[in-house]
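Written below as structure tokens is the structure these notes are about.
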Amino acid sequence: MAIQINTKDTIGKIQPELHGQFIEFLGSCIDDGLWVGEDSPIANECGIRVDVLNALKRLQPPMLRWPGGCYADRYHWRDGIGPRDHRPVTFNENFGTYELDRHQFGTDEFLNLCEQVGAQPWISVNMLTGTPREMVEWMEYCNRREPTTLAQERAKNGHPEPYHVRYWGIGNEVWGGGGTLTPEAYVDQYRRFSSAIPSFTRVIGEQSDMYAIASGPDGNKPNERVNWTKDLFDELARYRQPKINGYDAHFYNWNITHEDDTSTKYTKEGWSRLIKGCLELEDEILRQSQMIQKGLAGMPLPEVAADPRLQHIDLIVGEWGNWHRDATVARPALYQQATIRDAITTALTLDVLQRNCDTVSMACNAQTINVLNALILTDGENMALTPNYHVFEMYKVHRGAMAIRLPRQDEESKVYQFASVKDNDITVDLINACTDKGVDVDLAFDSPVKAQSMISLASNDLYACNVPGERPRLAPTHEALTSVQGTKVTVALKPASVNTLRFKIAA
Ligand code: AHR
């Protein structure tokens with residue numbers, strides 16, 4: 001097969017936030033997986049596991065979404081601030097977590113983590129059992145520069161400087177756990193919450209940096225997701241529109257209906273089904289983005305020119321990942337393993353997001369540790385990096401680069417492709433989704449290139465996974481890239497492999 005790469009034909013910039021992560025108080029994602037507390041025998045830095053912290057520092061997730069998910073709908077932020085031995089103990093029922101909730105990893109712990117790993121925080125506020133006042137006070141605690149009582153409380157808790165949290169989610173999956181609302185009912189609530197958001201500006205006329213994210217549809221329902229967005233925009237158009245910067249559609253690659261298919265056991269059909277399933281996200285992105293444009297175009301012109309009119313909303317995919325059958329009954333809750341099959345769907349999903357970088361601005365993998373499409377698994381004092389982690393790490397080079405226009409898949413083969421260019425550096429992703437055949441790929445560039453590197457993640461054993469405490473079975477390898485001739489390169493791909501190749505445009 002041959003792929004022609006025209007480095008001048010670009011789609012747009014790949015916002016680093018497309019490589020975001022999501023951590024929630026669910027199962028052992030935060031408690032045990034990230035947070036063990038200062039008194040734990042497990043090596044920790046101020047309560048955070050050193051092994052996990054180091055893995056996150058290496059990955060530098062550009063964005064971290066917290067505290068949920070559905071958990072956010074019952075979270076009262078005051079439970080998680082101040083001296084840890086004074087924090088209340090509640091019970092966490094979220095997705096069958098069924099654990100005492102000691103609130104040890106609260107706002108300051110989270111925001112300090114973000115500072116350490118270089119991530120932008122995205123905080124989801126409680127719109128179900130919380131109030132606009134509680135939301136406003138949380139924002140004030142995080143961001144107020146002036147010495148108000150809340151800002152002084154933050155200083156007392158160790159952070160005199162404001163945290164400048166920009167991204168705030170108003171409600172999570174409001175069509176389900178977030179209230180089982182209709183779009184109309186949600187818009188009513190959203191109007192109140194979003195109107196209460198402080199601007200944190202200091203000069204009249206200054207633009208507020210606060211970014212409000214509205215809950216989007218259930219991305220897994222092809223009909224409902226269309227109706228939801230249509231109804232929501234119709235409702236918004238009825239009167240003056242509130243501040244909405246982002247619209248957060250979630251999409252899980254559900255794999256729960258086939259008994260012979262779990263995270264580590266599957267047939268050939270199961271392999272193909274999962275791959276096909278993750279690509280549906282691209283249809284959702286295209287359709288939702290069209291509907292947002294249509295909805296915005298339908299906003300009435302204000303009677304008075306000075307009144308605001310909603311003109312732009314970013315599309316966000318705040319939760320995505322594989323959801324296997326075994327996760328639904330797992331202890332800890334929603335724990336599942338990851339094989340090369342998950343690595344391939346993770347890579348394909350990142351490529352979908354990157355290829356649509358002119359449409360989607362942020363996205364978060366669900367979730368980072370011990371839950372669903374995890375990057376990191378822990379078991380007591382042991383930790384393993386899953387193949388998903390390796391994919392994210394291999395793809396880091398795309399952050400901030402320009403996506404190159406390329407078809408998603410070569411028609412004849414099962415090879416999926418994506419490429420980006422930053423200055424003189426080209427990165428090409430090649431994913432061979434064929435389980436039993438290698439393939440030779442001819443790349444042709446629009447100008448001469450020099451080969452830099454090829455990193456490959458492959459596995460002969462389709463069911464192998466990395467288990468905490470055991471020798472890693474899946475890890476990326478460096479491969480030789482020798483056959484470069486001017487503008488042409490031939491690459492040999494192993495079966496079932498994710499590959500990132502780097503080239504420099506020759507001067
Ligand atoms: O990621 C697990 C859960 O999935 C989240 O809490 C919720 O938002 C979604 O339904």
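One table, with the values for the structure above:
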{"quantity": "Count of residues meeting criterion [more than 12 Å from Leu26 (Cβ to Cβ), touching a residue at least 60 places away in the same chain (Cβ under 8 Å) and among the polar types (S, T, N, Q)] in the range 63-119", "calculated": "3"}
{"quantity": "Strands (runs of 3 or more DSSP E) contained entirely in the range 438-483, each with at least 2 residues that are in contact with a Pro (Cβ under 6 Å, 6 or more places away or on another chain) and surrounded by 15 or more Cβ atoms within 10 Å (Cβ to Cβ)", "calculated": "449-458"}
{"quantity": "Residues being closer than 20 Å to Ala305 by Cβ and part of a helix (DSSP H, G or I) - total across the range 228-242", "calculated": "1"}
{"quantity": "Candidate set: the range 219-255, residues that are of a type in the set (Asp, Glu) and within 15 Å of the ligand (Cβ to nearest atom); chosen: the one nearest to Gly318 (Cα to Cα)", "calculated": "Asp248"}
{"quantity": "Leu281 closer than 16 Å to Leu372 by Cα and outside any loop (DSSP other than H, G, I, E, B)", "calculated": "no"}
{"quantity": "Every pair of residues 6+ apart whose Cβ atoms lie under 9 Å, when the first sits in the range 350-376 and is within 15 Å of Asp32 (Cα to Cα) while the second is part of a helix (DSSP H, G or I) and within 12 Å of the ligand (Cβ to nearest atom)", "calculated": "Val371/Phe95; Val371/Ala327"}
{"quantity": "Looking only at the range 172-182, and only at residues there that are on the phi > 0 side of the Ramachandran plot and surrounded by 18 or more Cβ atoms within 10 Å (Cβ to Cβ), the one that is nearest to the ligand (Cβ to nearest atom)", "calculated": "Glu173"}
{"quantity": "Qualifying positions in the range 229-272 - in contact with a strand residue (DSSP E or B) (Cβ under 6 Å, 6 or more places away or on another chain) and either under 19 Å from Gly171 (Cβ atoms) or surrounded by fewer than 16 Cβ atoms within 10 Å (Cβ to Cβ) (or both)", "calculated": "Thr229, Lys243, Ile244, Asn245, Gly246, Tyr247, Asp248, Ala249, His250, Phe251, Tyr252, Trp254"}
{"quantity": "Some residue of the range 469-477 being over 30 Å from Lys504 (Cβ atoms) and small (Gly, Ala, Ser)", "calculated": "yes"}
{"quantity": "Selection within the range 398-412 - touching a residue at least 40 places away in the same chain (Cβ under 8 Å) and surrounded by fewer than 17 Cβ atoms within 10 Å (Cβ to Cβ)", "calculated": "Gly400, Arg405, Arg408, Glu412"}
{"quantity": "In the range 375-385, the residues that are outside any strand (DSSP E or B) and more than 16 Å from the ligand (Cβ to nearest atom)", "calculated": "Gly380, Glu381"}
{"quantity": "Filter result for Ala185 (buried (at least 16 other Cβ atoms within 10 Å of the Cβ) and modelled with pLDDT of 95 or more)", "calculated": "no"}
{"quantity": "So Val421, is it surrounded by fewer than 24 Cβ atoms within 10 Å (Cβ to Cβ) and either closer than 30 Å to Pro468 by Cα or out of contact with any Leu (no Cβ under 6 Å at 6 or more places or on another chain) (or both)", "calculated": "yes"}
{"quantity": "Options Leu372, Leu406: the member that is within 16 Å of the ligand (Cβ to nearest atom) and not in a strand (DSSP E or B)", "calculated": "Leu372"}
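The values are calculated or read from the model by the stated rules, or taken from the named source; none is laboratory data. Predicted model, so just to flag it, every value in this text is computed and none were measured. Neighbour counts are summed over all protein chains in view; Cβ atoms, including those assigned to glycine, are modelled from backbone coordinates with ideal geometry.
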